[in-house]
1. Please report Rg (one decimal) and Dmax (integer) in Å for the Cα set of segment B:394-512.
2. Given R₀ = 51 Å, FRET efficiency for A:Leu162-B:Ala532 by Cβ-Cβ distance, to 0.05?
3. Could you list which residues have their amide H under 5 Å from that of B:Leu518, counting only those 5 or more apart in sequence or on another chain, with H placed in the peptide plane?
4. Principal axis lengths of chain A from Cα atoms, whole Å, largest first?
5. Report the antiparallel proportion of the DSSP beta bridges in the protein assembly as shown as a percent, rounded to a multiple of 5.
6. Which parts of segment B:180-221 would a label at A:Leu215 reach, counting a residue when its backbone N lies under 20 Å from a point 7 Å out along Cα-to-Cβ?
7. In Å and from the alpha-carbon atoms only, list the Rg and Dmax of segment B:355-449.
8. Work out Dmax and Rg for segment B:292-432 from the C-alpha atoms and quote the Rg first, both in angstrom.
Amino acid sequence: MTRARPTSLTTLAAGLLALSALAGCSLGGPGTEEASGSDGAAPTKVVLVTHDSFSLPKALIAQFEKDTGYDLQVRSSGDAGTLTSQLVLNADDPVADVAYGVDNTFGSRALQAQVFTPVDVTEPAGAAAYDLPGDDAHALRPVDQGNVCVNVDDTWFAAKGLTPPRTFDDLLDPRYRGLLVTPGATTSSPGLAFLLATIARYGEDGWQDYWRRLLANGTKVVSGWSDAYEVDFTQGGGKGRRPIVVSYDSSPAFTVDGKGGTTTSALLDTCFQQVEYVGALRGAANEAGAKAVVAWLQSPEVQAALPESMYVFPVAEGTALPKDWARFAKQPASPASVAPERIAEQRDTWLRQWSDLVGS
Amino acid sequence: MRRASSLRGLPGLLALAVLPTAVLVVLFVVPVAGMLGRGVVVDGRPDLGGVLEVLGRPRVHRVLWFTVWSSGLATIVAVLLGVPAAFVAHRLRFPGRSLVRLLLLVPFVLPTVVVGVAFRQLVGEGGPLGGLGLDGSAAAIVAGLVFFNVSVVVRGVGAAWAGLDPRPAQAAAALGASPRQVLTTVTLPALRPAIVSSASVVFLFCATAFGIVLTLGGLRYSSVETEIYLLTTQLLDLRAAAALSLLQIASVVALLLVAARARPADATGRGSDAPRLRPRRIVAADVPALVVTAAVLTLVVAPLAMLVIGSLRVDGAWSLAAYRALDTTGGGNALVVPVTTAVQISLRTAVDATWMALLLGLLVSVAVTRRSRGRAERRVRTVLDGLFMLPLGVSAVTLGFGLLITLSRPPLDLRDSPLLVPLAQALVALPLVVRTLAPLLGGIDDRQRQAAASMGADPVRAWLSVELPVIARPLLAVAGLAFAVSLGEFGATSFLARDARPTLPVVIVRLLGRPGGLNYEMALAASVVLAATTALVMLAIERLRVPAGVL
């Protein structure tokens, strides 16, 4: 019994070896780059914290690093809500230099916690139209904008010989019963935007009644955008059963039919505008780097890359749009809006009330 | 015999526990305590009245009740289905046995978002089972939870079943007991520690499930975990979030105490020289177990089939286009790296996470199962045992958020370390390793160690000859499980993965969220690749095992 059992030991060893061999080397593998110059001399890195939708062409990032000499480190996680909560919790001791992705529904919360500090950067023409109301110090700089709108599958309605809805009121019409799917306001940013659009339209006293009737008319509430669009929407990847969905004003540019048209359209009377901002963080280790990132995100090159990288519209006037966008992604002339400070005050109440409506 | 005491006693215990404890403190205790502290401490003083006020809210009561009954029901169903399936997969010999085992494991590694999409394609309005009206119901949530967790029961109970000493059952049969009597009076009691272990792990997984409740419940149901998410990321109500997290921790502790009581205090398990039960051929009495296993396989295969079909359908026709696109970055450059690169990154990460989980898990298991001398030592062991189970039952949102706000600054500036993601994944897999190994080590008769020591074996030698043979085979099995957990891990990884080095689940979720091109089909294809990769790795590990009878 004291004899070790060579068979089992060798097997074990062989197993572990084979496991390691499976993936070649381990411990991070090649490209475990590590460059840091934190304290002392001029900082060599600038840390950008953002949400997980962040994406820009590699060439643009390389150009930024070459032009400024900084190593750009991007840390992305969660959505705009996660990002804002993270910034507010670390307001007095920021973990990054600059943040991109706080939007007009979360902006007030970040400003109240004094997360951002103004930087002196010349803005591109047209950007000022998207400044956050109430941001008197101009700490947040607009980078991109887009609208959350109800989208319809035109081919579905044509095949049924039914006129598609146009307005919020139309969605209550029994003819459209069971046709709408929307991501939830508590779990997705387009869902929240849609809720805010209905609050803008029906007022703080009337929206709950509207939602009661909307739900009674067979509206389906799902977790996220990909659930609504890709699984339940008739023009999504999963070819669902519902021809009306809450999505974006840019969505019709992604349903082109190859015959010079698009199969869906956004209802421009149901839109809520979302603007995303960049700002230098108060107490940042690399203030100059933060300023460089702010200027970079507003530069013509990044502005032009936004539609194809992040599915949003640029804020700089005169930025050329991709061909499909120019033709099919129509923007509303006067989207709904709710004052940011009102959102900051009421968000909790509205979300809880909405959550109770959906849960009952 | 006295020589063996060098590894005994409190100092020996602490020496074994120091590395795992350090990892746990840095990656778990500090981040969670950071979040709880921000919620509970107001103006420098703990505000327990505020916590109690939160726990008194009617909404919290509703949330709590839903969590308890849905998780409890899912656990019961998973055990009822999993135990017969474990018997079939690990005790019977039939063609395709390896395939059955693999299929039973695959759900466990798929990211929740993918399973959500697969399930909704099945039970959603347009799906083959759309007529049942399950979409957005509590039944769908429970089915999803069972889908994910039945593999935990199959693996845990199956490993124990394969390692059972057959002699008591043979003796009972020789004394005239019917197969049913043998099962209920000998086999099931012997398996009780493994069943209780698996069930408590499953309950904790269910109670902290997040994506499943949201995706399959259509936001109509709130669990403690989804409520913590809402409170933390949307409402920034840290006091309420902390109250719920504290409640989770208290429940884990309570559950562990119950589970510990259910385990026999004086387990006299098999020795390393006991004969091993060989898988046998199917007999008529196995039909009920086979029927249950077939039901489990259907539950597992149906959503997987939806994934495969979805990945092969492009513009209404059969096509491999989505698979061919996997070496690209997707429509509109949705990804930073191609899916194929993400596969490599995932494999590398999983290798690291696996050896870390095994190393830490072994140390913890050995530390907590050595016979204690004195009350203080026993108490330290009990606390240690529970401590390493905590990550199972504590909100991934709280942990992820805590990691975000604590790991990015000195002295714990680990945010950019390549070790961070595998370590975090190892921590997620660690309880599974401990729950598999500890019952086996605890079941070893201490007299065997004493015998080895009296024959002159030093502690290491004694360990190699007494303990290792008992756990060698389960160790391989659990290595595969840890590897699989790492491949599929999304919660912690989504908070920690570096942009340039995303794992496969991170890439899949990103593809699902981006319109354009073949992104949706690519996401499904990548999920199929993830499932297949896991299956291949598991197959390789199963093949490595020496034939039954040699061990």
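1. Rg then Dmax for segment B:394-512, in Å: 19.5, 62.
2. Working: r = 43 Å, r/R0 = 0.85.
The pair A:Leu162/B:Ala532 has a calculated efficiency of 0.75.
3. When sequence neighbours closer than 5 places are left aside, the close amide H contacts are B:Gly331.
4. 76, 66, 46
5. Working: 29 of 47 bridges.
Once the DSSP bridges in the protein assembly as shown are tallied, antiparallel ones form about 60 percent.
6. B:213-221
7. Cα radius of gyration and Dmax of segment B:355-449 are 15.9, 50 Å respectively.
8. 21.6, 71
Here, each number is a calculation from the coordinates, and none is a lab measurement. What you are looking at is a predicted structure, and each value in this text was computed from that prediction instead of being measured. Neighbour counts run over all protein chains shown; Cβ positions are idealised from the backbone, glycine included.
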